[in-house]
Amino acid sequence: MHAKFVLIKYPTGRTEVITFSSNITSGQYGRAQNSLAVFGDVALYDAYYGFWDRLVQKKWLGWTTDGDLGRDGSFGGNKAYFFPRAAGDPMASIIDGKHCAGDGEQIRILSSDDDLRPTMRTAIQKAKTRGCFIRITVTSETIKSAILNAPGNNLTGSNINVNGEVHSKVVYIRARTSASSALSEVVFTGSHNLGQYALRYADDVMVRTQEPTVTAAYRTYVMSFQS
């Protein structure tokens, strides 16, 4: 189990979902972490609670399809993505669905895992071909070299930087959903890593938000590691 979140429900019915990248150990507090708190989104709270209940009972209890494992919140473009997945990769599919035409579109990633899974690498490579600006922060030169030397790679050293203190897991996207749609920002964050093991075996969750003040704050945060 790799998930890291806190659920709070008050007697008034008000809910809080707090998801974070940090392990709850003293050694983690000196590393670059992030957390996201969502207040009052009952649907998102219920989704997380359902996942927590399934962790406790150690069974999926009917959550078997990608639709079951992706649960919409009530507002703000909120959505929870639960893992592991038996097939497919929702993060890669999301990147594949973004339209890039060299007009300020960008995909920025903070990754603390020891690899970047093939489906993500392929989606990012295709996004670069479509005209997206790509920047990925990883935690070691070894990981950077593995990405650059992967089959079919079209990324260069300027697309990847190294920061050994990063423990955040963030995918920030500023792009279009079609050639005629407006540019929009979306953030995915939580405790889910972007390696292959995390996709297929780790009990985990990533949350999406499109709330403008939050995506702007994450844009600033991610770029602080990539300037």
Distance in nm between M1 and M223 label points, each 7 Å along Cα→Cβ, equals 3.9
Using a Förster distance of 30 Å, how high is the FRET efficiency between W63 and N23, based on the Cβ-Cβ distance and rounded to 0.05? 0.75
Options (i) 0.98; (ii) 0.95; (iii) 1.03 are given for Rg/Rh (Cα atoms, Kirkwood Rh), and the computed one is (ii)
If one takes the longest principal axis of the Cα atoms in the chain, at what angle in degrees, from 0 to 90 and to the nearest 10, does the Cα axis of helix 42-57 lie? 80
Which ordering of T213, T15, T122 is given by a fewest-first count of other beta-carbon atoms within 10 Å? T213, T122, T15
Distance in nm between pseudo-label sites at A146 and T177 (7 Å out along the Cβ direction from Cα): 3.4
Starting from the range 108-185, pick out the GluC sites (Glu not before Pro) whose DSSP state is loop and whose Cβ has at most 16 other Cβ atoms within 10 Å. E165
Whose amide H sits under 5 Å from the amide H of H192, counting only residues 5 or more places off or on another chain, with H placed in the peptide plane? V205
Of the residues A198, A175, A86, which exhibits the maximal mean-square fluctuation in a Gaussian network model of the chain defined by a 10 Å Cα contact cut-off? A86
Counting only C-alpha contacts under 8 Å and six or more residues apart, can you give the relative contact order of the chain as a whole percent? 24
Arranged by the count of other C-beta atoms within 10 angstrom, fewest first, what order do L36, L61 take? L61, L36
Across the range 84-92, in residue order, what do the Karplus-derived ³J(HN,Hα) couplings come to in whole Hz, using 6.51 cos²θ - 1.76 cosθ + 1.60 with θ = phi - 60° and x for Gly and Pro? x, 10, 6, 8, x, 8, x, 5, 5
Any idea what angle helix 212-223 forms with the longest principal axis of the chain, computed on alpha-carbon atoms, 0 to 90 degrees, nearest 10? 50
Structure-based [θ]222 nm, the chain - -39500 (n - 2.57) summed over DSSP H runs of at least 4, per residue, nearest 500: -8000 deg cm²/dmol
Using Cα positions and a limit of under 19 Å, work out the lysines in reach of K169, with same-chain residues fewer than 8 apart set aside. K4, K79, K144
Order of K59, K144, K9 under a 10 Å beta carbon neighbour criterion, fewest first: K59, K9, K144
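Computed from the coordinates by the stated procedures, all read-outs in this text should not be read as laboratory data. Keep in mind the model is a prediction, meaning the values are calculated, not measured. Every residue, glycine among them, receives a Cβ derived from its backbone with ideal geometry; neighbour counts consider all protein chains shown.
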